[in-house]
Amino acid sequence: MTHFHKIISLYGFSGASLAKVAKSMGTNASLLLHYYKSKEEMILDFIDFMIQKYEEYYLEKLNSMMDSEAKLHFLINRLFEDSRVLDKYLVGDRAYYECYALSITHSEVKAKFRQFYNRFQRSLAAELSNLLNANKLDAKTSQLLADFLIVMLEGKDFYSNLNEDEAALARLRGFLKHVSFQMISDLKKNSDICGFVELNNQFTTQQASS
């Protein structure tokens, strides 16, 4: 998959081919055809490979940590670090967004992304619930907090690709970390930051009555 990643980063999915991957590997395309009947099969395999790397990077170490405060600091710092530094750990932005764009029209790719984000949300919600357990937040509030962090992460990564002002991006990452820490710290103190919990309760009540 490393060679396929290299080809996608250079040519995108439209310009990628089994022949180019084989050339990068220094082998014959017929050998790849033994494992993959088509480029589509290799793309699906690559998406599984990519998702596994993301889950390992964001969740594997988190799951091995015991202290809730240490987990929180690790999580927020990792979520809002400079995404462009992550290429050596994960996959490049072009490869990721090529896969994401494909999820709009390809049902199997969309299902893989949905499963990945569902697992990510459940893991974040569980960690937030443990951290804020003293306040007895309900499951839906923990899920909304997890969704908030995921949306901020994805928005930050997308925006970073469009903004070339490094100083501004560094300030933005620092601000996002501060806001996230502050929100969770306030909830730990049993204060309903910005009416978040109350707003969630109102929304849940409206849904139940509609």
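The values are calculated or read from the model by the stated rules, or taken from the named source; none is laboratory data. It should be emphasised that the depicted structure is a prediction, and the values quoted were computed from it without experimental measurement. Neighbour counts are summed over all protein chains in view; Cβ atoms, including those assigned to glycine, are modelled from backbone coordinates with ideal geometry.
For Val91, state whether it is surrounded by 16 or more Cβ atoms within 10 Å (Cβ to Cβ), of a type in the set (A, V, I, L, M) and in the same structural domain as Ala170 (by TED's automatic domain parsing).
yes
Can you tell me which residue within the range 114-132, out of those that are in contact with a Phe, Trp or Tyr (Cβ under 9 Å, 6 or more places away or on another chain) and among the aromatic types (Phe, Trp, Tyr), is surrounded by the most Cβ atoms within 10 Å (Cβ to Cβ)?
By that ranking, first place goes to Phe120.
Suppose we filter Ser180, Ser160 for residues that are more than 20 Å from Arg84 (Cα to Cα) and of a type outside the set (Asp, Glu); which single one remains?
Unique residue meeting the criteria: Ser180.
How many residues does the range 41-68 contain that are charged (D, E, K, R) and over 19 Å from Arg94 (Cβ atoms)?
Adding up the residues that qualify gives 6.
So which helices (runs of 4 or more DSSP H) are wholly in the range 1-116 and hold at least 2 residues that are small (Gly, Ala, Ser)?
Values: elements: 2-15, 18-25, 29-35, 39-55, 61-64, 68-79, 93-105.
By residue number, 2-15, 18-25, 29-35, 68-79, 93-105.
Name, by its number, the condition in (1) without any contact (Cβ under 8 Å) to a residue 24 or more places away in the chain; (2) over 16 Å from the mean Cα position of the chain (by Cα); (3) surrounded by fewer than 20 Cβ atoms within 10 Å (Cβ to Cβ) that does not hold for Ala111.
Every listed condition holds for Ala111 apart from (2).
Identify all residues within the range 74-85 that are in contact (Cβ under 8 Å) with a residue 24 or more places away in the chain and surrounded by fewer than 18 Cβ atoms within 10 Å (Cβ to Cβ); write none if there are none.
Answer for the range 74-85, where residues must be in contact (Cβ under 8 Å) with a residue 24 or more places away in the chain and surrounded by fewer than 18 Cβ atoms within 10 Å (Cβ to Cβ): Asn77, Glu81, Asp82, Arg84.
When only residues in the range 117-159 that are closer than 23 Å to Lys177 by Cβ and in a loop (DSSP other than H, G, I, E, B) count, which is modelled with the highest pLDDT?
Ranking the qualifying residues of the range 117-159, first place goes to Leu132.
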